[in-house]
Every structure is written in C-alpha cells, then in structure tokens.
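Below you'll find the structure, written out as structure tokens, and then a few comments.
The values are calculated or read from the model by the stated rules, or taken from the named source; none is laboratory data. Not measured: the values here are computed from a predicted model. Don't worry about glycine lacking a Cβ; one is built from the backbone with ideal geometry, like all the others, and counts go over all protein chains shown.
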Amino acid sequence: MSPEELKAREEMVRLCRSLFERGFSVGTAGNVSVRLPDGMLMTPTNVRLGDLEAERIAKIGLDGQHLAGDRPTKEVFLHQAFYETRPEAGAVVHLHSTWATALSCLEETDPEDCIPPITPYVVMRVGTVKMVPYVKPGDAKAGDLIRALNGTCAAVLLANHGPVVSGKTLFSAVAAAEELEETARLLVAPRGQRVRRLSGAEVQDLKDRFGTI
C-alpha cells in the first residue's frame with residue numbers, strides 16, 4: 001500500500017467519524033469515496049461511518065473491480081459518475097443528512113435550483129444544486145442521471161433520498177456537504193416565510209472574486 005493510499009484511508013476514518021458523531025449520518029446510511037491514481041477508496045456496505053476502520057475500506061480499480069477491503073457500498077455508481085464527469089473531483093460524499101433530505105422530499109423544491117443563493121457561502125462552496133429524479137438505492141440508473149448533467153454540478157440532491165457532494169479533496173467535499181446541510185435547514189425551517197435571495201449581481205460578484213465550484 002502506498003503512503004498516499006494509507007493517508008487517504010486514515011483521513012476517511014477521521015472525517016467519516018466526525019460526520020457520524022455530529023449527526024450528519026445515522027445508522028449505516030451514507031457513503032464516502034476518495035479518488036486514487038489507480039482507482040478509488042470507498043466505504044463498505046452496511047458499516048456505520050462512525051465505526052469505519054482503515055483496513056476495511058474497499059478499494060475499487062479503474063476498471064471497477066473490487067481489489068481489496070470489504071464489499072463496497074451499493075451506491076458505487078454515484079461516485080463513479082462524478083469522477084467520470086468531473087475530472088477535478090478528488091472525493092465524493094453522500095449523506096442522508098436531515099435537512100437536505102427533507103428538502104429532497106418537498107414537492108415545491110425547484111429541481112433546477114434546489115439550493116437558492118441565500119448566503120454567500122453556499123454560492124462559494126456548493127454552487128448550483130440540481131435534483132436527480134428518484135431511483136431506488138443502488139440502482140445503476142442513478143449514475144446515468146448524474147452523467148447526464150455533464151459535470152455541471154459539484155453537488156446534487158437525490159429525490160427523496162439525500163445529497164451527493166463532490167470536492168477537489170475529501171476535506172472540501174465534507175465542508176461543502178456541511179454547508180449544503182446548513183443552507184437546507186435555513187430553507188426548510190422558515191417555511192411559509194419569505195427568504196431574501198442574493199441578487200444576480202451579488203452572486204456574480206462572488207463568482208468573480210472566489211471562482212466557481
């Protein structure tokens with residue numbers, strides 16, 4: 001095992017435990033992956049993120065074959081689709097976090113813009129979030145639906161399921177998933193009240209200053 005892979009495994013354990021302990025994942029829900037030069041590391045199926053062990057993390061080759069560790073999550077298709085369509089992505093985080101999942105269940109959520117720009121940080125760290133139509137968990141069609149976005153979104157909401165967020169690093173993907181969850185809470189909690197959105201000019205100013213996701 002290369003030093004790079006060992007470091008990635010250890011970081012996955014640390015950040016997955018943090019997500020679990022702070023309530024972003026419950027039970028065995030959620031899965032996380034990190035891209036490697038020769039494939040990717042992925043959390044195993046039926047394992048709580050808080051109980052993840054470095055040596056049990058699954059390794060998947062570039063050809064999709066399971067090379068080492070426990071059997072990978074059935075949501076492997078989601079992760080592969082992001083890596084195929086977003087070359088800059090170094091990690092993918094899929095959670096069933098409460099508020100983002102609630103937003104994915106609401107009929108009035110705009111499928112083309114699930115997370116409107118109500119704070120500068122969701123613009124800077126998450127970007128435009130689109131809704132992926134519902135398919136059952138583990139269905140390979142979910143990967144096809146993400147590929148159809150052609151890499152235009154760093155994050156999506158799976159309808160009636162939850163968020164999937166990519167990032168250049170695992171740290172940035174986790175931070176973006178946290179930002180998405182907090183913004184979803186701000187959107188869902190004050191239902192029935194008007195929320196001010198950032199203007200088009202304010203959003204463009206942020207993109208010009210900080211870049212796009």
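Being of a type in the set (Val, Ile, Thr) and surrounded by fewer than 19 Cβ atoms within 10 Å (Cβ to Cβ) is the filter here, so list the residues in the stretch 57-93 that pass it. Break it down into steps so the answer makes sense when it comes.
Taking the stretch 57-93 as the starting set, the residues that turn out to be of a type in the set (Val, Ile, Thr) are 57, 60, 73, 76, 85, 92-93.
Scanning the stretch 57-93 gives a single hit, 85.
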Quiz item: Of the residues 51, 63, which is at pLDDT below 95 and either over 22 Å from residue 179 (Cα atoms) or not basic (Lys, Arg) (or both)?
Solution: 63
Self-check item: Any hit, the stretch 13-24, residues being farther than 21 Å from residue 179 by Cβ and in a helix (DSSP H, G or I)
Solution: yes
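Where residues in the stretch 148-157 are more than 20 Å from residue 34 (Cβ to Cβ) and in contact (Cβ under 8 Å) with a residue 60 or more places away in the chain, which of them is surrounded by the most Cβ atoms within 10 Å (Cβ to Cβ)? Spell out how you get there, then give the answer.
Step one: list which residues in the stretch 148-157 are more than 20 Å from residue 34 (Cβ to Cβ), which gives 148-150, 152, 157.
Filter once more, keeping what is in contact (Cβ under 8 Å) with a residue 60 or more places away in the chain: 149-150.
Values: 149: 16, 150: 9.
Ranking the qualifying residues of the stretch 148-157, first place goes to 149.
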Quiz prompt | Matching residues in the stretch 37-56 - criterion: being buried (at least 17 other Cβ atoms within 10 Å of the Cβ), free of Cβ contacts under 8 Å to residues at least 40 places away in the same chain and over 19 Å from residue 96 (Cβ atoms) | solution = 39, 41
Quiz item: If you check 134, 121, which single one turns out to be hydroxyl-bearing (Ser, Thr, Tyr) and free of Cβ contacts under 8 Å to residues at least 40 places away in the same chain?
Solution: 134
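Given the criterion at pLDDT 95 or above, within 14 Å of the chain's Cα centre (by Cα) and under 28 Å from residue 17 (Cβ atoms), identify the matching residue among 169, 128. So that I can check it myself, show each step before the final result.
Values: 128 fails: under 28 Å from residue 17 (Cβ atoms).
Of the residues listed, the single one that is at pLDDT 95 or above, within 14 Å of the chain's Cα centre (by Cα) and under 28 Å from residue 17 (Cβ atoms) is 169.
Just checking: which of the helices (runs of 4 or more DSSP H) contained wholly in the stretch 58-172 hold 1 or more residues that are among the acidic types (Asp, Glu)? Walk me through how you get there before you give the answer.
On the way: elements: 76-85, 98-105, 120-125, 141-147.
It comes to 76-85, 141-147.
Residue under question is residue 174, and the condition is that it be out of contact with any Cys (no Cβ under 7 Å at 6 or more places or on another chain), buried (at least 21 other Cβ atoms within 10 Å of the Cβ), more than 22 Å from residue 208 (Cα to Cα) and not small (Gly, Ala, Ser); does it hold?
On the way: out of contact with any Cys (no Cβ under 7 Å at 6 or more places or on another chain): yes; buried (at least 21 other Cβ atoms within 10 Å of the Cβ): yes; more than 22 Å from residue 208 (Cα to Cα): yes; not small (Gly, Ala, Ser): yes.
Criteria met by residue 174.
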Quiz item: Between residues in the stretch 19-36 that are closer than 21 Å to residue 77 by Cα and residues that are buried (at least 24 other Cβ atoms within 10 Å of the Cβ) and at pLDDT below 95, which pairs lie under 6 Å by C-beta distance while being six or more apart or on different chains?
Solution: 31/73; 31/75
Exercise. Can you tell me which residue within the stretch 1-28, out of those that are touching a strand residue (DSSP E or B) at 6+ places or on another chain (Cβ under 7 Å) and closer than 10 Å to residue 49 by Cα, is surrounded by the most Cβ atoms within 10 Å (Cβ to Cβ)?
Key: 16
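For residues in the stretch 1-46 being farther than 21 Å from residue 82 by Cβ and of a type in the set (A, V, I, L, M), which is farthest from the chain's Cα centre (by Cα)? Step through it out loud before you land on a result.
Looking only at the stretch 1-46, we keep the residues that are farther than 21 Å from residue 82 by Cβ, and these are 1-3, 6-7, 10, 13-14, 17-18, 20-23, 26-28, 46.
Next, only the ones that are of a type in the set (A, V, I, L, M) stay: 1, 6, 13, 26.
Working: 1: 26, 6: 22, 13: 16, 26: 16 Å.
Filtering first and then ranking leaves 1.
With touching a residue at least 24 places away in the same chain (Cβ under 8 Å) and outside any helix (DSSP H, G or I) as the only criterion, which of 197, 191 stands out? Break it down stepwise before answering.
Values: 191 fails: touching a residue at least 24 places away in the same chain (Cβ under 8 Å).
Going through 197, 191 in turn, just one is touching a residue at least 24 places away in the same chain (Cβ under 8 Å) and outside any helix (DSSP H, G or I): 197.
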Practice problem: Taking residue 66 as meeting all but one of (1) without any contact (Cβ under 8 Å) to a residue 12 or more places away in the chain; (2) farther than 16 Å from residue 36 by Cβ; (3) in contact with a Pro (Cβ under 8 Å, 6 or more places away or on another chain), write down the number of the exception. | Solution: (2)
